[in-house]
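Written below as structure tokens is the structure these notes are about.
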Ligand code: NAD
């Protein structure tokens, strides 16, 4: 078989569990070579009247368990290797939470801040024109990701429907509610993470009632999880954004912090709190540390200084592999990203189900269902951990890979 398309990052991840699962060459190929890779360039007319060509990618990694699912990002550093890795991680994530999906990811290499809203609309529509024959509610379902949002999903949906000549809301998720979006989608990633944390405390018999929490990042994910955990009675002692962090060992009133940030645009100068740097926040003596900002925040440089007992990885890949090994040795329990932040894709799945039924659920119904999916996934993980005597990250990989290979085997694609 042609091996040029092997995803190297995926190979390195799969290799860690290859021995435990006794994977042969055919299995390794299925798990490390994407099923379909699209790379294309497309023209867009700028406001100046000039025409510029943009590069886009869409990788559909594996569809054995169902249509592929994954976001579209607009970022200057978008490249094919990264999109392949993210599509692979989506395949695992969907398997971990038992969604009937495979994994995909897409992106356009642009700095969105440099374009007007009208230009962004034309770029979004141009991207969909290129991939429209390869996506669909039963084929591949995109969603928002870095620098793309509900407004962009609305333009993309509209372009797809114009090309196909009919309504097809299930082709894309993360849409505005008026176009078939789901209730609770906006804070679903954070709510999913909060359910995971709570279930961990129950399943692993950990007392978290009076736990202190430090949250890095105060955007969609960080702000919402800080708010939810504060509302549930946890003591959120520190939060930060790209500019500053604030800390009060007795706990911050997150409702007031949100109001302060909305009013001033900053976290700093919040009353009754000490200003701290992001580095200090990560090294605070908190029971739970929640990285919810960027990748590579805990590295071999600062891993030895981490004092938290648990880390809930709400950001994607906030801990480097070297740091992960150090934390494991220090007995710090890391709840990995492919489980912790999967609440967003679970509610995306609910959005797709509601679109196909043309029947919509209340926020209460959505959250009840989300809780069931997240807590079931933690229970399943705790069993895999016991059966295979592995750390959480390895156990999640083992669990997801077993499910993907089972689907491939049942289809006759593996012996
Ligand atoms: P966002 O852009 O809304 O927020 C990011 C936050 O991080 C902002 O508050 C920003 O100020 C802060 N930040 C940036 N650099 C920082 C730094 N050096 N130190 C501390 N804070 C910094 O993004 P988001 O949607 O909240 O996503 C956060 C993370 O969660 C990303 O890794 C994303 O991939 C992941 N994630 C998001 C979702 C989702 O549904 N939004 C789903 C799964 C995973």
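For segment 190-208, the criterion of a residue being under 18 Å from the mean Cα position of the chain (by Cα), at pLDDT 95 or above and more than 14 Å from the ligand (Cβ to nearest atom) is satisfied by at least one position.
A residue that is assigned to a loop (DSSP other than H, G, I, E, B) and free of Cβ contacts under 8 Å to residues at least 12 places away in the same chain occurs somewhere in segment 207-216. Screening segment 138-152 for residues that are more than 13 Å from the chain's Cα centre (by Cα) and either within 10 Å of the ligand (Cβ to nearest atom) or at pLDDT below 95 (or both) and picking the one that is surrounded by the fewest Cβ atoms within 10 Å (Cβ to Cβ) gives 149.
Screening residue 274 on (1) in contact with a strand residue (DSSP E or B) (Cβ under 8 Å, 6 or more places away or on another chain); (2) surrounded by 14 or more Cβ atoms within 10 Å (Cβ to Cβ) shows it passes everything except condition (2).
When the strands (runs of 3 or more DSSP E) confined to segment 16-83 are screened for residues that are over 22 Å from the mean Cα position of the chain (by Cα), those reaching at least 3 such residues are found at 36-45, 51-62.
For (1) closer than 16 Å to residue 73 by Cβ; (2) free of Cβ contacts under 8 Å to residues at least 60 places away in the same chain, each residue gets a yes or a no:
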site: 125; (1), (2): no, yes
site: 142; (1), (2): yes, no
site: 149; (1), (2): yes, yes
site: 161; (1), (2): no, yes
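For segment 217-253, filtering for residues that are away from the ligand (no atom under 14 Å from the Cβ), part of a loop (DSSP other than H, G, I, E, B) and closer than 17 Å to residue 311 by Cα leaves 1. Filtering segment 183-200 to residues that are closer than 18 Å to residue 148 by Cβ and touching a helix residue (DSSP H, G or I) at 6+ places or on another chain (Cβ under 6 Å) leaves 185, 187, 188, 189.
Checked against the criteria, residue 132 does not count as in contact (Cβ under 8 Å) with a residue 24 or more places away in the chain and in a loop (DSSP other than H, G, I, E, B).
Among the residues here, residue 382 does not qualify as under 30 Å from residue 283 (Cα atoms), within 20 Å of the chain's Cα centre (by Cα) and in a helix (DSSP H, G or I).
Scanning segment 254-290 for residues that are over 18 Å from residue 307 (Cβ atoms) and under 27 Å from the mean Cα position of the chain (by Cα) yields 254, 255, 257, 258, 259, 261, 262, 265, 266, 267. Of the set (1) within 16 Å of the ligand (Cβ to nearest atom); (2) out of contact with any helix residue (DSSP H, G or I) (no Cβ under 9 Å at 6 or more places or on another chain), all apply to residue 165 but (1).
The values are calculated or read from the model by the stated rules, or taken from the named source; none is laboratory data. As the structure is a computational prediction, the values presented were derived from the model and not from experiment. Counting neighbours? That spans all protein chains shown, and the Cβs are built from the backbone with ideal geometry, glycine included.
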